[in-house]
Amino acid sequence: MITREIQLTAQIAGAPALDDFTVAATEVDGEVLVRTDQVGLAATYLELMRADCTIPVPAWQPGRRVGVAAIGTVIRSDSPELAVGDLVQSMTGWSEYSAGPAAQYIKLDPIADPGYYLGQGPTAYYGMADVAGVGEGDVVFVSGAAGGVGSLAGQIAKCLGAVRVIGSAGSPVKVDYLVNELGYDAAFDYHDGSAADRLRELAPEGISVFFDVVGGEQYQAALRTARPGARFALCGSLSSQLGGAAERFPKPDHAAAQARGVELLPFSCHHTPDQIAAWREHFSTWLGEGRFVYPQTVVKGGIEDVPQVFLSLLQGSYRGNVSVRLS
């Protein structure tokens, strides 16, 4: 089978652009052949496209397929484990078809919206439940709360017992979305004045947990408004995603954190089977109880449209978890 896939033309050094990607025709063959129906996108992918990638996995190479999570339908199988027509998830990336051993595909229960499987729930749940240890009575601040991870993290905090959850976003529309659709207790536009002043206004007693995907000024604001003993789950630094590695992921101010009694907890989620299972178990329960909204943006297009959708995601054009449904 000849498939079209997205490859890097070169590893990205500065701001990403369309000419960093190319559509290539390649041959795929294996025990199972799968038609890709939908691919997931995440801002984290940009780091994997850099030569000086700071994530502890191999960086993506020019001339090789990029992307990670995909949902597809089995169209040929020589394995007793999978049948033609089965819905499967894999980490095969941005391509129209994929093939390989049956073990690299996870059979899924058919559901009305397979996009549920493509979200960043494992990262949000692991960071909020296991790293930050959110529980009854916590006051939680989530930066970048309208994005794929943040839109889930705030809801997870509420389900785990947080008494108040505050989010930041980049526009009044997104602020309204956080409060009126995702159940945040309060939110603010980080363009609207000092983030520290807004946090003091919305959490006068101080925050006990900070879930950070942005870094920069919002990290500093959280540090200035943290209670003694607050836990900071540090997931990323999207506010400084361009430049060299040291600029993209500046080291947090340990001295200032120690002086305030704040615990800094940097983490990355590898989406292990245990992490995925923990997320899906709680997500399905909360969704069934009507306590959870799955925020997502699904864009329809061909495989050649995926890079532009990815660039638009980085520019903040979408809300929630973003995927492309291939047509």
Can you pull out the residues in segment 174-196 that are under 20 Å from the mean Cα position of the chain (by Cα) and part of a strand (DSSP E or B)? A187
Looking only at segment 116-141, how many residues end up being assigned to a helix (DSSP H, G or I) and more than 14 Å from H282 (Cβ to Cβ)? 3
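Would you check if S98 is surrounded by 14 or more Cβ atoms within 10 Å (Cβ to Cβ), hydroxyl-bearing (S, T, Y) and in a loop (DSSP other than H, G, I, E, B)?
Details: surrounded by 14 or more Cβ atoms within 10 Å (Cβ to Cβ): yes; hydroxyl-bearing (S, T, Y): yes; in a loop (DSSP other than H, G, I, E, B): no.
Taking the combined requirement at face value, the residue does not satisfy it.
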Looking at R227 and the list (1) open to solvent by less than 20 Å² (accessible area, probe 1.4 Å); (2) at pLDDT 90 or above, which single condition is not satisfied? (1)
If a residue has to be over 13 Å from G40 (Cβ atoms) and either open to solvent by 10 Å² or more (accessible area, probe 1.4 Å) or not aliphatic (A, V, I, L, M) (or both) to count, how many in segment 295-319 make the cut? 15
Could you check, for segment 197-207, whether at least one of its residues is within 30 Å of A255 (Cα to Cα), open to solvent by less than 40 Å² (accessible area, probe 1.4 Å), of a type in the set (V, I, T) and part of a loop (DSSP other than H, G, I, E, B)? no
When segment 208-224 is checked residue by residue, the ones that are in contact with a strand residue (DSSP E or B) (Cβ under 9 Å, 6 or more places away or on another chain) and either open to solvent by 10 Å² or more (accessible area, probe 1.4 Å) or not in a loop (DSSP other than H, G, I, E, B) (or both) are S208, V209, F210, F211, D212, V213, V214, Q218, Y219, A221, A222, L223
Just a yes or no: is a residue in segment 164-173 surrounded by fewer than 21 Cβ atoms within 10 Å (Cβ to Cβ) and either assigned to a loop (DSSP other than H, G, I, E, B) or modelled with pLDDT under 95 (or both)? yes
Cβ pairs under 6 Å, 6+ apart or interchain, first in segment 29-58 and over 17 Å from I6 (Cβ atoms) and touching a residue at least 12 places away in the same chain (Cβ under 8 Å), second in a strand (DSSP E or B) and open to solvent by 20 Å² or more (accessible area, probe 1.4 Å), ordered by first then second residue, are D29/A99; G30/A99; V32/S77; L33/I75; L33/R76; L33/A99
In segment 93-122, residues that are at pLDDT below 95 and under 17 Å from Y45 (Cα atoms) total 5
Is it true that L87 is free of Cβ contacts under 8 Å to residues at least 60 places away in the same chain, open to solvent by less than 20 Å² (accessible area, probe 1.4 Å) and either under 15 Å from R35 (Cα atoms) or touching a strand residue (DSSP E or B) at 6+ places or on another chain (Cβ under 8 Å) (or both)? no
Are any residues in segment 29-39 open to solvent by 30 Å² or more (accessible area, probe 1.4 Å) and among the β-branched types (V, I, T), and if so, which ones? none
Residue under question is V322, and the condition is that it be closer than 18 Å to G121 by Cα, touching a strand residue (DSSP E or B) at 6+ places or on another chain (Cβ under 7 Å), at pLDDT 95 or above and crowded, with 19+ Cβ neighbours inside 10 Å; does it hold? yes
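Specify the residue that is most open to solvent (accessible area, probe 1.4 Å); the eligible residues are those in segment 256-272 that are farther than 26 Å from G229 by Cα and either modelled with pLDDT under 80 or over 18 Å from the mean Cα position of the chain (by Cα) (or both). Step through it out loud before you land on a result.
Filtering segment 256-272 for residues farther than 26 Å from G229 by Cα gives 270-272.
Narrowing the set further to residues that are either modelled with pLDDT under 80 or over 18 Å from the mean Cα position of the chain (by Cα) (or both) leaves 270-271.
Values: H270: 105, H271: 61 Å².
In this case the residue turns out to be H270.
If only one of T9, T22, T54, T26 is under 22 Å from G147 (Cβ atoms), hydroxyl-bearing (S, T, Y) and open to solvent by 30 Å² or more (accessible area, probe 1.4 Å), which one is it? Even if it seems obvious, please write down each step before you answer.
Working: T9 fails: under 22 Å from G147 (Cβ atoms); T22 fails: under 22 Å from G147 (Cβ atoms); T26 fails: under 22 Å from G147 (Cβ atoms).
Going through T9, T22, T54, T26 in turn, just one is under 22 Å from G147 (Cβ atoms), hydroxyl-bearing (S, T, Y) and open to solvent by 30 Å² or more (accessible area, probe 1.4 Å): T54.
The values are calculated or read from the model by the stated rules, or taken from the named source; none is laboratory data. Keep in mind it's a predicted model, so treat the numbers as computed, not measured. Glycine also receives a Cβ, built like all others from the backbone with ideal geometry; neighbour counts cover every protein chain displayed. Surface areas here come from the heavy atoms of the whole protein model, side chains and all, with no ligands, DNA or RNA. Shrake-Rupley method; radii C 1.70, N 1.55, O 1.52, S 1.80 Å.
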